[in-house]
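K.L.:
Would you mind keeping the following structure in view while I ask a few things?
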Amino acid sequence: MRRVALLLALCLIAAVPAACGESDSPAEQREASDREQIEAVAERFAAAVAARDARAFCATLAPNDVERLGKGESDGSQRCLVVWGEGRNPLFEAKDPDLSIEEITELRGTTATATLANGGELAFLEEGGAWHVHLAPAKE
């Protein structure tokens, strides 16, 4: 009987933190989700650069950035491949660019900025419910 009581007490102690409101608030959950998505798109961006894959590179960019590349003259995605394609993308020429995120330094609403391991910065924009690399951020 003592063992049963002790086991029950241990189970209750283990369950108390979860039941006592230690879960993240919706805002904290949203921020954690945003950070995960930003890190994932940054990894895809870095992989595209490492592979010198213009199509994958363009796929990580914010849709409005890609659309602006079209300038109304052509399809934005095709123009992106021309503008950022092989022989034109300075990132593709770097010997060993380290584009991994060191820290997400700012996350406000639909924009974010991260410091990269190479000392640079990379901007991100949420469009259509997904995060993208934002190569044309507006200066405030």
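The values are calculated or read from the model by the stated rules, or taken from the named source; none is laboratory data. Keep in mind that this is a model prediction, so the values were computed, not measured. Glycine also receives a Cβ, built like all others from the backbone with ideal geometry; neighbour counts cover every protein chain displayed.
K.L.:
Just wondering, is there one or more residues in region 113-120 that are at pLDDT 85 or above, among the hydrophobic types (A, V, I, L, M, F, W, C), at negative phi and crowded, with 17+ Cβ neighbours inside 10 Å?
P.N.:
Within region 113-120, one or more residues are at pLDDT 85 or above, among the hydrophobic types (A, V, I, L, M, F, W, C), at negative phi and crowded, with 17+ Cβ neighbours inside 10 Å.
K.L.:
I'd like the full set of residues that are farther than 19 Å from Asp65 by Cβ, in a loop (DSSP other than H, G, I, E, B) and aliphatic (A, V, I, L, M), limited to region 80-129.
P.N.:
Across region 80-129, the qualifying residues are Ala94, Ala117.
K.L.:
Determine the pairs where a residue that is under 10 Å from Leu81 (Cβ atoms), located within region 53-68, has a partner that is assigned to a loop (DSSP other than H, G, I, E, B) and modelled with pLDDT under 90 with Cβ atoms under 7 Å apart, the partner being 6 or more residues away or on another chain.
P.N.:
Ala54/Gly85; Ala54/Glu86; Ala54/Asn89; Phe57/Asn89
K.L.:
If you don't mind, there's one more thing I want to ask. Restricting the search to region 85-99, which residues are farther than 20 Å from Cys58 by Cβ and in contact (Cβ under 8 Å) with a residue 12 or more places away in the chain?
P.N.:
Asp98
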